[in-house]
Amino acid sequence: MLSEKDLSASLQAFVDGSNYRAQDVLGVHREKRAEGEGFVFRVWAPHAQQVWLVGDFNQWDEHSLPMQKDQYGVWSIFTDQAQAGQLYKFNIKQSTGREIMKIDPFAVCFEQRPGVAARIIDFPNRKWKDGLWRGRQKREHHFNRPLNIYEVHAGSWRFHEDGTPYDFSDLTRELIPYLKKMHYSHVEFMPLMEHPLPASWGYQIIGFYALCSSYGTPEQFQEFVESCHQANIGVIVDWVPGHFNINDDALAYYDGTATFEYEDADRAKNIGWGALNFDLGKPQVQSFLISSALFWLNAYHVDGIRADAISSIIYLDYDFGPWKPNKYGDTRNLEGYDFLHKATKAIKLEHPESLWIAEESSAGVQVSGRIEDGALGFDYKWNMGWMNDTLDFYSEDPIYRSFDFHKLTFSFMYRLAENFILPLSHDEVVHGKRSLMNKMWGDRYKQFAQLRNLYVWQMTHPGKKLLFMGGEFGQYLEWKYDAPLEWVDLKDPLNQSMQHFTAVLNGLYHDNPSLWELDTKDSGLEIIDADNKDQTVLSYIRHGKRKRDFLIVILNYTPVERRGFKIGVPYAGTYHEILNTEMKEFGGTWTRNNPACHTKSDSFKEYEYTIETTVPALGALILKPGKDVKIARRKPRPRKQVKPTNKQQQQAGSK
């Protein structure tokens, strides 16, 4: 039980926007008092005329348990009637005199849908057994490690035979071994916070502190995270700090006034999402949101947070509705900027090792990097430009690809503009966009060949990686939030081979530092030939920190096998094929790898040595230098550095 002094200090900090443990004082908490043991309930509703506590414990009598308001706009009541497991709400007489039942914004548990009442629980104080994992994350920075993320919607990964979705106990038993088998380093969940409409995929939240009851209990999710860590797998959760569910019984106009949202109705409305925008300049809202982010990092030991829809936070004109310029006459949302800086500082002060990721689709501001250098402070930004251009290119008939080769090579120009994650996410396989498999050109065989090619492009391009569930085995149908993945596809040998290929490629990525050590350094990528538009073949080198640690990548974007294909290489010696996407085990037709390539003293562009090999139709090769390759001093390569304009990046990222 908090002393009166500590309680007052905590509530004052909440009002000031500096309480990042707001859930420790607001919401419901068990307390022992002189009059006995019970629960204290507190809710922030500064303009309400009166608030009553209502629940199972008083037969939902709307007026029998009146709460008292303090100087901070917080209403509270202590009662020994309430018991763990019971449901409750707040009956609020709003500033207008209207009475309405509202949820508890700080609830950590809700009843099952379709109900939205909060449930009283003693939040589990787990004795964690993941200290080895967490210690390693603090010692080894994630920039210097492989980061390969499997994106999951918890409610639709797999269903039971009776048609019910898996909960986190089921996911602990089956998803974690699958992640290990597929060689993923992290799993990222679409929002796990409580949301009443499954069709929102979790992005229309009502309970920012509560695990969605349809996914399981807090204990089950804690067990899942701990088991992931013991299996050397990190856990990332999506978080939505920009907007919230518009439902009348949730946060919307909580006390009859703009409590969590902007007072300006135009700024409050999020037309694109049919939601309400948080007033990010309000100190109490800052305390509420930052406390939520830290709650998931602390209470559940998650390893990172992906903040959704950052563009709508930093731009006033991002939505479709009317907008007004800021005091400087431009489109920046100054409150949004300040909030993100504040959130970044709070999160990184407490968890410097955590992953702080932005989903942001413009190029008008530096998103990743230090606040002191003018950035928002995120560790990573999703590279939406790479994703859009890549999928446009792979969807084309190969006869046109020579004219659009720049859609691939353009990303090399701005690869160092941010610390990027390359996403092939859920957003690209819904709403008629078709699955990744179904985007590929040609018949079924050619589609699989190009999907393997696409994954090599993603895995060898500078940047960390993310793939949405189902893509790993080439699911043909679009993702559905209310149905499991098409696991039946794995009865097809081609889907089996695709799944095997993804696992092999993921393992190759993990085991070769050249594919991740220097993602954010210019020296990590060396272009061999990005000008071969006629044959539409791209070749480049990925370098690690050690000079001998490099891989050669060759990508063929036409259905024509290229025999005797010549490229330049940096050193004399033998080069061995370590991956060929057309091998029979992956669903192709080749039964043997290409023989080792021996260099010739022959010029190719600025290279003094060349090799020749056969590049499969619509295929990809990865070559590794043999032990006989002598790493000699090289003449400096003339390099033309071109920095794309913000307009170019904007065009790539906002399609």
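The values are calculated or read from the model by the stated rules, or taken from the named source; none is laboratory data. Please read these numbers as outputs of a predicted model, since none were measured by experiment. With ideal geometry, Cβ positions are generated from the backbone for all residues, glycine too; neighbour counts draw on all protein chains shown.
Conditions (1) within 28 Å of Gly474 (Cβ to Cβ); (2) in a loop (DSSP other than H, G, I, E, B); (3) in contact (Cβ under 8 Å) with a residue 40 or more places away in the chain, marked per residue:
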{"residue": "Leu171", "(1), (2), (3)": "yes, no, yes"}
{"residue": "Glu174", "(1), (2), (3)": "yes, no, no"}
{"residue": "Glu188", "(1), (2), (3)": "yes, no, yes"}
{"residue": "Ser214", "(1), (2), (3)": "no, no, yes"}
{"residue": "Glu219", "(1), (2), (3)": "no, no, yes"}
{"residue": "Gln222", "(1), (2), (3)": "no, no, yes"}
{"residue": "Val225", "(1), (2), (3)": "no, no, yes"}
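Tell me, yes or no, whether region 11-20 has at least one residue that is more than 26 Å from Pro218 (Cα to Cα) and β-branched (Val, Ile, Thr).
Yes - at least one qualifying residue is present in region 11-20.
Please go through region 323-356 and pick out each residue that is assigned to a loop (DSSP other than H, G, I, E, B) and of a type in the set (A, V, I, L, M, F, W, C).
Selection gives Trp323 alone.
Pairs only if they're at least six apart or on different chains, beta carbon under 6 angstrom, first in region 490-504 and over 11 Å from Glu472 (Cβ atoms), second part of a helix (DSSP H, G or I) and modelled with pLDDT of 95 or more; list them, first residue then second.
From residues that are over 11 Å from Glu472 (Cβ atoms), the pairs are Leu494/Phe448; Gln496/Leu490; Ser497/Phe586.
Identify all residues within region 447-474 that are under 21 Å from the mean Cα position of the chain (by Cα) and of a type in the set (S, T, N, Q); write none if there are none.
Scanning region 447-474 gives Gln458, Thr460.
Tell me which residues, restricted to region 581-607, are touching a residue at least 40 places away in the same chain (Cβ under 8 Å) and either part of a loop (DSSP other than H, G, I, E, B) or at positive phi (or both).
Thr581, Glu582, Gly587, Gly588, Lys605
Just to check your reading of the model, which residue among Arg126, Arg136, Arg113 is more than 23 Å from Ser200 (Cα to Cα) and touching a residue at least 60 places away in the same chain (Cβ under 8 Å)?
The conditions single out Arg126.
Which one of these does Gln499 not meet: (1) closer than 16 Å to Trp457 by Cβ; (2) assigned to a helix (DSSP H, G or I)?
If we test Gln499 against (1) closer than 16 Å to Trp457 by Cβ; (2) assigned to a helix (DSSP H, G or I), just (1) comes out false.
May I ask you to list the residues in region 68-95 that are assigned to a loop (DSSP other than H, G, I, E, B) and farther than 17 Å from Val25 by Cβ?
Passing the criteria: Asp80, Gln81, Ala82, Gln83, Ala84, Gly85, Gln86, Gln94, Ser95.
I'd like the full set of residues that are touching a residue at least 12 places away in the same chain (Cβ under 8 Å), farther than 17 Å from Arg415 by Cβ and not in a loop (DSSP other than H, G, I, E, B), limited to region 510-540.
His510, Pro513, Asp529, Val537
From (1) under 30 Å from Leu490 (Cα atoms); (2) without any contact (Cβ under 8 Å) to a residue 40 or more places away in the chain, pick out the condition that doesn't hold for Ala617.
(2)
Sort out for me the helices (runs of 4 or more DSSP H) sitting completely within region 379-433 that have 1 or more residues that are buried (at least 17 other Cβ atoms within 10 Å of the Cβ), among the aromatic types (Phe, Trp, Tyr) and touching a residue at least 12 places away in the same chain (Cβ under 8 Å).
384-395, 406-413
Can you say whether Trp487 is among the hydrophobic types (A, V, I, L, M, F, W, C), exposed (fewer than 15 other Cβ atoms within 10 Å of the Cβ), modelled with pLDDT of 95 or more and closer than 27 Å to Gly470 by Cα, as far as the supplied structure shows?
Spelling it out, Trp487 is indeed among the hydrophobic types (A, V, I, L, M, F, W, C), exposed (fewer than 15 other Cβ atoms within 10 Å of the Cβ), modelled with pLDDT of 95 or more and closer than 27 Å to Gly470 by Cα.
I'm checking my understanding of the structure. Among residues of region 139-169 that are under 29 Å from Glu472 (Cβ atoms) and free of Cβ contacts under 8 Å to residues at least 24 places away in the same chain, which one is surrounded by the most Cβ atoms within 10 Å (Cβ to Cβ)?
Looking at residues that are under 29 Å from Glu472 (Cβ atoms) and free of Cβ contacts under 8 Å to residues at least 24 places away in the same chain, I get Tyr166.
State which residue pairs qualify: first residue aromatic (Phe, Trp, Tyr) and inside region 23-44, second residue not in a helix (DSSP H, G or I) in any location, beta carbons under 6 Å apart, and separation of 6 or more residues or different chains.
Here the result reads Phe39/Val28; Phe39/Arg30; Phe39/Ala82; Phe41/Val28; Phe41/Leu53; Phe41/Ile77; Trp44/Gly73; Trp44/Val74, each pair linking region 23-44 to a residue that is not in a helix (DSSP H, G or I).
Tell me, which residue of region 608-650 that is in contact with a helix residue (DSSP H, G or I) (Cβ under 8 Å, 6 or more places away or on another chain), modelled with pLDDT under 95 and outside any loop (DSSP other than H, G, I, E, B) is surrounded by the fewest Cβ atoms within 10 Å (Cβ to Cβ)?
Gln648
Of all residues in region 514-529, how many are exposed (fewer than 15 other Cβ atoms within 10 Å of the Cβ) and over 24 Å from the mean Cα position of the chain (by Cα)?
2
I need the full set of residues from region 1-56 which are assigned to a helix (DSSP H, G or I) and surrounded by 21 or more Cβ atoms within 10 Å (Cβ to Cβ), in order please.
Leu11, Phe14, Ala22, Gln23
If I ask for residues that are part of a helix (DSSP H, G or I) and crowded, with 21+ Cβ neighbours inside 10 Å, which ones from region 434-446 would you list?
Residues satisfying the conditions are Leu436, Met437.
Quick one: which helices (runs of 4 or more DSSP H) lie wholly within region 252-316 and hold at least 2 residues that are on the phi < 0 side of the Ramachandran plot, surrounded by fewer than 21 Cβ atoms within 10 Å (Cβ to Cβ) and at pLDDT 95 or above?
Passing ranges, in order: 283-299.
Within region 111-130, does at least one residue satisfy the condition of being closer than 30 Å to Ile233 by Cα, touching a helix residue (DSSP H, G or I) at 6+ places or on another chain (Cβ under 6 Å) and in a helix (DSSP H, G or I)?
no
What residue, among those in region 348-378 that are among the β-branched types (Val, Ile, Thr) and surrounded by fewer than 21 Cβ atoms within 10 Å (Cβ to Cβ), is nearest to the chain's Cα centre (by Cα)?
Only one residue fits best here, namely Val365.
Okay, residues lined up against (1) in contact with a helix residue (DSSP H, G or I) (Cβ under 9 Å, 6 or more places away or on another chain); (2) over 24 Å from Leu316 (Cα atoms):
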site	(1), (2)
Ile205	no, no
Gly216	yes, yes
Gln220	yes, yes
Ser227	yes, yes
Ala231	yes, yes
Trp239	yes, no
Gly242	yes, no
Asp248	no, yes
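Conditions first: (1) surrounded by fewer than 23 Cβ atoms within 10 Å (Cβ to Cβ); (2) within 24 Å of Lys324 (Cα to Cα). Ser227 passes all but one, so which condition is the exception?
Looking at each condition in turn, Ser227 falls short on (2).
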